[in-house]
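All remarks here apply to the structure that follows.
The values are calculated or read from the model by the stated rules, or taken from the named source; none is laboratory data. Bear in mind the structure is a predicted one, so any value in this text is a computation, not a measurement. Every residue, glycine as well, gets a Cβ built from its backbone with ideal geometry; the counts of neighbours run over all protein chains shown.
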Amino acid sequence: MLTVPSLLLAIALGGALGAPASQSEFDDLSIRTIQFPSYHEEKLPLAVIEGLQFSPALPRPLSSESLNAARASFANISSVTGTSISDEAIEELQGRYGRRLWGPGYMDITADSEVEARSLEERQVTVPNFPTPDPSQHPELTPMLAKVTASEIKGYVTQLSTAYATRYYRSTNARAPALWIQSQFSSWLGSSQTKLAENSFDQPNVIGRIEAKSGDPNAPIVLLGAHLDSTSQTPSTKAPGADDDASGVAVMMAIMRILKGSNYQGTYAIEAHAYAGEEGGLLGSQALAKSYKAAGKNIRGMLDFEMVGWQPNTSTNSGKSSTISILSDPVTAMSTHMTSVVKAYVPTAERRSVACGYGCSDHYSFYNQGYPVVCIASYGPNDSNLNPGYHTTNDTVDKLSFDRSVDFVKAGLAWIVEVAA
């Protein structure tokens, strides 16, 4: 497979480039249908999508000259594939990672012709009537919180970000990190409660489950999620992704190990999902959310962990144990409840509210299927304190603050017990 930089170099040097005789669904020249925040849909080659994302950011607002120049830089690819690039695609994707924006900037809906272009206000999501968070009602949580350690989180992040040079969903070794997560889940939960959900690319989602105390296999689900893939300027060869999002996966893993080790079972089933291909347009989570909806599965609530390891000292978190940002959209009631959980169970943390935006992480895939969701992170899209190594080869384990990341495990455990009890 040609990497995006090598493909663009070949074109820039004037080499003849024809459509391959047999083309993988995720080759550089494969055409993807993507949906932008405005719900505008467009068909673009992967090479154009990723090439725009990793281009040096141009000053905003983009001038007509800048738009035309960006378009011209992909003229050969457009000619070969018979595609064109709209102004909106350039506005959204050009220099995206240099602009420190969360997520890919689109949802890849190539495999789903049934995605509806509905505004956020038009989506009907029913949120359960959760009780007001109250630690006095959940003494079972106290010994679980005592089991949270920074060293456990660091160990998982170290494995994911150093044992695999990249976790990029199109890399040759994309499957390996998913298999490692599966092995960890299996060792705690049992092989019958752990499975892979295959995708159309060679990186599966990983699912770990703790049954409801009733044993009912159809009990509603309380869901934790984080994405296992990574990206960088050199995604096929080096993309450590320690913060994005090995840190989120690590927090989720610690929560599941502690729950199972404490023999905790709630009224509802508990699942943890490690999603593949988030950086490619929420690919893995979209497939899984759609399959859950088609199967009639009831999800009581979903909590997504996105980049929870980068924790710098700031003017607003002095004297605080950490910074926890609760994303304010897309389901206000879920965000409000999560804020109350953090306030009640992690009162020493700085609490922030930030807007996410369309498709910024995997919780949006489940929201699009009508499920109630919320996401927490250290910092949100375009925050001044967002990890400067985000989507680069500098997103490494030595840059993270695991003593502060423990607060996310505590918040996640508290949310589980409050919602699944």
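Overview of values
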read-out	value
Residue match in the range 360-371 (condition: buried (at least 24 other Cβ atoms within 10 Å of the Cβ), hydrophobic (A, V, I, L, M, F, W, C) and at pLDDT 95 or above)	yes
The one condition in (1) β-branched (Val, Ile, Thr); (2) in contact (Cβ under 8 Å) with a residue 40 or more places away in the chain; (3) out of contact with any Phe, Trp or Tyr (no Cβ under 7 Å at 6 or more places or on another chain) that Thr336 fails to fulfil	(2)
Any hit, the range 40-62, residues being over 24 Å from Tyr168 (Cβ atoms), part of a loop (DSSP other than H, G, I, E, B) and in contact (Cβ under 8 Å) with a residue 60 or more places away in the chain	no
Identity of the residue in the range 388-403, modelled with pLDDT of 95 or more and crowded, with 24+ Cβ neighbours inside 10 Å, that ends up farthest from Glu350 (Cα to Cα)	Asp395
Lone qualifier among Ala212, Ala226 - being surrounded by fewer than 23 Cβ atoms within 10 Å (Cβ to Cβ), touching a Gly at 6+ places or on another chain (Cβ under 7 Å) and farther than 23 Å from Thr33 by Cβ	Ala212
Tally of residues being in contact (Cβ under 8 Å) with a residue 60 or more places away in the chain and in contact with a Phe, Trp or Tyr (Cβ under 6 Å, 6 or more places away or on another chain) across the range 168-208	6
Selected residue [outside any loop (DSSP other than H, G, I, E, B), farther than 30 Å from Arg60 by Cα and of a type in the set (Gly, Ala, Ser)] from Ala70, Ala178	Ala178
Breaking point among (1) part of a loop (DSSP other than H, G, I, E, B); (2) under 18 Å from Val308 (Cα atoms), for Gly266	(2)
Residue list for the range 293-313, restricted to those being in contact with a helix residue (DSSP H, G or I) (Cβ under 9 Å, 6 or more places away or on another chain), outside any loop (DSSP other than H, G, I, E, B) and more than 11 Å from Val222 (Cα to Cα)	Lys293, Asp304, Phe305
Residue within the range 283-292 that is in a loop (DSSP other than H, G, I, E, B) and assigned by TED's automatic domain parsing to the domain that holds Phe402 present	no
Residue list for the range 269-282, filter: crowded, with 24+ Cβ neighbours inside 10 Å and part of a strand (DSSP E or B)	Ala269, Ile270, Ala272, His273, Ala274, Tyr275
Pairs where the first residue, in the range 81-106, is touching a residue at least 60 places away in the same chain (Cβ under 8 Å) and the second is assigned to a loop (DSSP other than H, G, I, E, B) and of a type in the set (A, V, I, L, M), C-beta under 7 Å, 6+ apart	Thr81/Leu29; Arg99/Ala57; Arg100/Leu386
Some residue of the range 367-378 being assigned by TED's automatic domain parsing to the domain that holds Ser232, of a type in the set (Ser, Thr, Tyr) and under 20 Å from Val148 (Cα atoms)	yes
Single residue of the range 127-161 satisfying the filter (among the hydrophobic types (A, V, I, L, M, F, W, C) and in a loop (DSSP other than H, G, I, E, B)) that is surrounded by the fewest Cβ atoms within 10 Å (Cβ to Cβ)	Ala146
Thr158 at pLDDT 95 or above and more than 22 Å from the chain's Cα centre (by Cα)	no
Lone unmet requirement of (1) in contact (Cβ under 8 Å) with a residue 12 or more places away in the chain; (2) over 30 Å from Ala111 (Cβ atoms) for Pro372	(2)
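Here's the yes/no breakdown for (1) among the small types (Gly, Ala, Ser); (2) modelled with pLDDT of 95 or more; (3) closer than 26 Å to Gly370 by Cβ; (4) surrounded by fewer than 24 Cβ atoms within 10 Å (Cβ to Cβ):
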{"residue": "Gly241", "(1), (2), (3), (4)": "yes, yes, no, no"}
{"residue": "Gly284", "(1), (2), (3), (4)": "yes, yes, yes, no"}
{"residue": "Ala287", "(1), (2), (3), (4)": "yes, yes, yes, yes"}
{"residue": "Ser315", "(1), (2), (3), (4)": "yes, no, no, yes"}
